[in-house]
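**Q** Have a look at the structure that comes next, please.
The values are calculated or read from the model by the stated rules, or taken from the named source; none is laboratory data. Computed from a prediction, not measured in an experiment: that's the story for all the values here. Quick reminder, even Gly has a Cβ in these numbers, built from the backbone with ideal geometry, and neighbours come from all protein chains shown. Note: areas computed on protein heavy atoms with side chains; ligands, DNA, RNA excluded. Shrake-Rupley method; radii C 1.70, N 1.55, O 1.52, S 1.80 Å.
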Amino acid sequence: MTNVYENILGLIGNTPMVKLNTVTKDIPATVYAKLESYNPGHSTKDRIAIHIIEAAEEKGILKPGSTVVETTSGNTGFSLAMVCIIKGYQCILAVSDKTKAEKIAYLKALGATVYICPANVPADDPRSYYEVAKRIHEETPGSIYINQYFNELNVDAHYRTTGPEIWEQTQGKITHLIACTGTGGTLSGSAKYLKEKNPDIKVIGVDASGSILKGFHETGEINKDEIHPYQIEGMGKNLIPSALHFELVDEFVRVNDEMSAYRTREIALKEAIMGGYTTGAVVQGLIQYGNSHELSTEDVVVAIFPDHGSRYITKVYSDQWMAEQGFLNNCVHNYEEVFKTEFVK
């Protein structure tokens, strides 16, 4: 029997790449999107969830009836909850209040217990989702704390899987890797593998306006004045995660909520790819990078699309939400025409 698996976890990894033909038409390089939404949990976080949990099993840390605890903006939580169902563990998640209601409903549908914490507080505030997860772990016997921001297995998962896949899929022709940075595991692990194969590969991290990662990469210092609220979930940080290996990143590009939102919808309209908000962010970052750097027809760029747009239907794909953010005033499309809805009486 072919293409048949014992359970859903067998579908993790080996995601496809698709050439982008329209949204990157002004970039002379060949650009491929690595579609991580093809993982069974619909995001790149499936890779770290199974890798970290199975590593804990091998060490005897996780045993029947154990509890998995983590902080998440959604995707890691989905992946952990999925793995916990198959493995037979309890799953407790701390999320920020930026997380949309449908994501929380999704986590609960997968059996997770969810704690909702304020997003706009310092990382060391006892109400932050980092500190809440730590407290729950300490108070829950037989639990492990995934701690994806400071867990080297986060990086190792992508070093073992995502990086090799990209190298093989491009037949070693990749010249640029670009991905959004949150925990940093996806970019760092992939970059580590690819730079071992070819140190000349350029690695570009995409950071959010309101985050400190780009500034820290450039100065080695945390500038708290850069911190302000922003809408893109799972991207950027107000702390420095050890899973982000800055020495592997050649350059950071910072993008804002508005242009990333437009780009997300443009990718759906022109490439028929329903990506998440960070999908738009990574393409916006690539376009900004292309405007300030010379890319040639010989270059091969791989952009990692982290998750699926179905989780953002009431956010970036919602006309009402876009209007509430004031994003329809300076749009790359005429949304009144493109997203016209007609009611038949």
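**Q** Which value in deg cm²/dmol, rounded to the nearest 500, describes the helix-derived mean residue ellipticity at 222 nm for the chain, given -39,500 (n - 2.57) per DSSP H run of n ≥ 4 and division by the residue count? Mind showing how you got there, number by number?
**A** Working: 12 runs with 126 residues, N = 345.
Calculated from helices alone, the mean residue ellipticity at 222 nm is -11000 deg cm²/dmol.
**Q** Let me ask something else. Provide the packing ranking of 229-236, 187-194, i.e. peptides ordered by the mean count of other C-beta atoms within 10 Å per residue, highest first. The partial results should precede the final answer.
**A** Numbers: 229-236: 22.2, 187-194: 25.8.
Highest mean packing first, the order is 187-194, 229-236.
**Q** Can you list residues from other chains, or at least 5 along the same chain, whose modelled amide H is less than 5 Å from the amide H of ARG254?
**A** Here ASP207 satisfy the definition.
**Q** Heavy atoms only, probe 1.4 angstrom, no DNA, RNA or ligands counted: give me TRP167, TRP321 ranked by accessible area, highest first.
**A** Numbers: TRP167 55, TRP321 15 Å².
Reading off the accessible areas and sorting them downward yields TRP167, TRP321.
**Q** As I understand it, the dipole of segment 5-92 uses +1 on the Cβ of Lys and Arg and -1 on the Cβ of Asp and Glu, about the Cα centre. Which of VAL83, TYR38, GLY65 lies farthest toward its positive end?
**A** TYR38
**Q** Next question. How much of the DSSP beta bridge set in the chain is antiparallel, as a percent to the nearest 5? Could the numbers behind the result be given before it?
**A** Numbers: 5 of 39 bridges.
Of all bridge pairs located within the chain, approximately 15 percent are antiparallel.
**Q** Moving to a separate point now. Using a 1.4 Å probe, what is the accessible area per residue for segment 1-156, in Å²?
**A** 46
**Q** Sticking with this one: What's the extension gain from THR219 to ASN256 if we count 0.36 nm per residue and subtract their Cα-Cα distance?
**A** Working: separation 37, 0.36 × 37 = 13.32 nm, distance 2.07 nm.
Full-extension gain reported as 11.3 nm.
**Q** What distance in nm separates the simple spin-label points at GLU294 and ALA123, each placed 7 Å from Cα in the Cβ direction?
**A** 3.8
**Q** Let me ask something else about it. With 31 Å as the limit, write out which pairs from LYS134/LYS315; LYS100/LYS197; LYS63/LYS315; LYS25/LYS202; LYS134/LYS270 have Cα-Cα distances beyond it, or answer none.
**A** Working: LYS134/LYS315 29 Å; LYS100/LYS197 40 Å; LYS63/LYS315 39 Å; LYS25/LYS202 20 Å; LYS134/LYS270 43 Å.
The answer is LYS100/LYS197; LYS63/LYS315; LYS134/LYS270.
**Q** Right, something else. What order, most packed first, do the peptides 179-185, 127-133 have when packing is the mean number of other Cβ atoms within 10 Å of each residue? Before the final figure, lay out the partial values.
**A** Working: 179-185: 29.6, 127-133: 20.4.
My ranking of the peptides, most packed first, is 179-185, 127-133.
**Q** While we're here: Would you mind working out the accessible area per residue for segment 214-261, using a 1.4 Å probe, and quoting it in Å²?
**A** Roughly 48 Å² per residue, with all protein chains present.
**Q** Figure the gain on full extension for LYS25 and GLN171 (residue separation times 0.36 nm, minus the Cα-Cα span) and round it to one decimal in nm. Present the calculation step by step, with values, prior to reporting the outcome.
**A** Values: separation 146, 0.36 × 146 = 52.56 nm, distance 2.29 nm.
Contour length minus the Cα-Cα distance gives 50.3 nm.
**Q** Roughly to the nearest percent, how much of the accessible area of the chain is carbon and sulfur, given a 1.4 Å probe? Write out the running numbers ahead of the final one.
**A** On the way: 7400 of 15380 Å².
Roughly 48 percent, rounded to a whole number.
**Q** Still on this structure, please answer the following. Tell me, what does the Kirkwood hydrodynamic radius of segment 1-111 come to in angstroms if you use every pair of distinct C-alpha atoms? Numbers along the way, then the final one.
**A** Working: mean 1/r = 0.0636 Å⁻¹.
For segment 1-111, the Kirkwood estimate is 15.7 Å.
**Q** Any idea how far apart MET17 and ASN3 come out in nm if each label point goes 7 Å out from Cα toward Cβ?
**A** Taking the two extended label points, one gets 2.2 nm.
**Q** What's the ranking of 96-106, 80-90 by average number of surrounding C-beta atoms within 10 Å, highest first?
**A** Packing proxy ranking, top to bottom: 80-90, 96-106.
**Q** Leaving out ligands, DNA and RNA but keeping every protein chain, what accessible area does SER209 have, in Å² rounded to the nearest 10, with a 1.4 Å probe?
**A** Accessible area, nearest 10 Å²: 40 Å².
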